[in-house]
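Only the coordinates and a few stated rules stand behind these numbers; no lab work does. Because the structure is predicted, anything quoted here is derived from the model rather than measured. Neighbour counts are summed over all protein chains in view; Cβ atoms, including those assigned to glycine, are modelled from backbone coordinates with ideal geometry.
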Amino acid sequence: MAEKEWYKAWFSSPFYHKLYFEHDEIEAQNFILRLLDCLKVANGSRVLDVACGRGRHSKFLAAQELDVTGIDISFESIEFAKRFEKENLHFYQHDMRMPMWINYFDYAFNFFTSFGYFGTNREHDDAVRTIAKSLKRGGTLLFDYLNVHYVEEHLVHDEIKSVDSTKYEIHRWMNEDFFYKKIIVSDRSLESPAQFTEKVAKLSLGDFTDMLSFQGLQVVDVFGDYNLKAYHVNKTPRMIVVAKK
C-alpha cells in the first residue's frame, strides 16, 4: 500500500470505525450541541460535513433541523451513509482536495482530526481552498484538530486496546513533520493480523491561520477542548479553529 494512500484503505475498514467511533457518541453529540449554540447556527442553515465517514455527525446535525451534506473519500463509507439520506441529509463520495460547490454553504465542519493526512503542504492547501470556496460570503469554517504541542508532550508510545472481541496493538512515534501511529488488528475474522499506519501532519495554529488567510478567511476563535474552553498552546488537547469568510 503506497504511503499516500494509507487513509483510503484504513478509513474503509470496519476496524477503523470500531476503534474510534462506537463508544464516544455522547461526547461527540454534546460537543456538536455546544458548538451549534456557540456559533448561533440557525435552523435550515446549509452545512458541509467534510470527511464525514459513515455519517454519524451528519445524521446528528440533520436532526438539529439543518440542511446537511456529507462528503468523504471512502466509497465504502459513503455507500453505508447513503442509507440514512433524507430531505435534509445527503452524502457524496468526494476528495476534499478537488473542486466542488461554490459559494453554497453557511458552515463547513471538519471534525475529530479528519485533516492533515496528505503528504505535502500543497495538498493541504488544496483542501482548504476547496472548503473555503464552498462557503458563502460570511460563512464559517471549523477545523477540529489535535494540538500538536500538547500531543508532543503527552505521546503514549505503546498501547493495547480491546473493543469487543477485536484487539488493537498501537505504536506511536513522530518526526519533525508528522505523527505516526501503527495499528495491528487481531480479530477472529482475520486469517492473520492486519496492519495500518496513520500519518498526521504537525499543523500548528500558525499553519492554519496562514492557510485560511490565503483563502480569504480570518480566524475568529480557537477552543482547546470539546467543552469549548480557551485554547492554550501546551495545556489543551485540541485546537478547534473557527474562521469566517
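All other residues whose Cβ lies under 11 angstrom from that of Ile183 are scored, Lys and Arg at +1 and Asp and Glu at -1, for a net of +2.
Using only the C-alpha atoms, the convex hull of the chain corresponds to 125 Å³ per residue. Database remark: amide H of Phe178 closer than 5 angstrom to the amide H of Lys202 (H placed geometrically; neighbours at sequence offset of 5 or more, or on other chains; Pro and chain starts carry no H). Among the lysines of the range 99-195, pairs that are 8 or more positions apart or on different chains and have alpha carbons within less than 17 Å of each other number 4.
One chain, two ends: Trp173 and Glu85. Fully extended at 0.36 nm per residue, the span grows by 27.8 nm beyond their Cα-Cα distance.
From the Cα gyration tensor of the range 71-177, with a ≥ b ≥ c the square roots of its eigenvalues, which class applies: rounded if a/c is under 1.5, or else prolate if a/b is larger than b/c, or else oblate? Cα axes put the range 71-177 in the oblate bin. Among the trypsin sites (Lys or Arg not before Pro) within the range 85-192, those in coil by DSSP and having at most 12 neighbouring Cβ atoms inside 10 Å are Arg188. Residues in the range 202-219 carry Karplus couplings, in order, of 7, 9, 8, 4, x, 4, 5, 4, 5, 4, 5, 4, 4, 9, x, 10, 10, 5 Hz; the curve used is 6.51 cos²θ - 1.76 cosθ + 1.60 with θ = phi - 60°, and Gly or Pro positions show x. Once the Cα atoms are used to define both axes, helix 25-39 deviates from the longest principal axis of the chain by about 20 degrees. Sequence neighbours fewer than 8 away in the same chain don't count; with that in mind, list the lysines whose C-alpha is under 16 Å from Lys235. Within the straight-line limit of under 16 Å, Lys235 reaches no lysines at all. For the range 74-81, backbone phi angles converted through the Karplus equation (6.51, -1.76, 1.60; θ = phi - 60°) give residue-by-residue couplings of 7, 4, 5, 5, 5, 4, 5, 5 Hz, Gly and Pro being listed as x. The ellipsoid that matches the Cα gyration tensor of the range 1-128 has semi-axes, each √(5λ) in whole angstrom, of 23, 18, 14, with the longest given first. Legend: distances between Cα atoms for Lys40/Lys245; Lys86/Lys229; Lys199/Lys245; pairs beyond 27 Å are Lys86/Lys229; Lys199/Lys245.
By how many degrees, between 0 and 90 and to the nearest 10, does the Cα long axis of helix 121-134 differ from the longest principal axis of the chain? Taking Cα atoms only, the helix is inclined about 40 degrees. From most to least packed by mean Cβ count within 10 Å, the peptides 66-74, 233-241 give 66-74, 233-241.
As a test of the formula, what do you get for the chain when each DSSP H run with n ≥ 4 contributes -39,500 (n - 2.57) and the sum is divided by the residue count, at 222 nm and rounded to the nearest 500 deg cm²/dmol?
-9000 deg cm²/dmol
The listed peptides 208-221, 103-116, ordered by packing as a protection proxy, come out as 103-116, 208-221 (highest mean of other Cβ atoms within 10 Å first).
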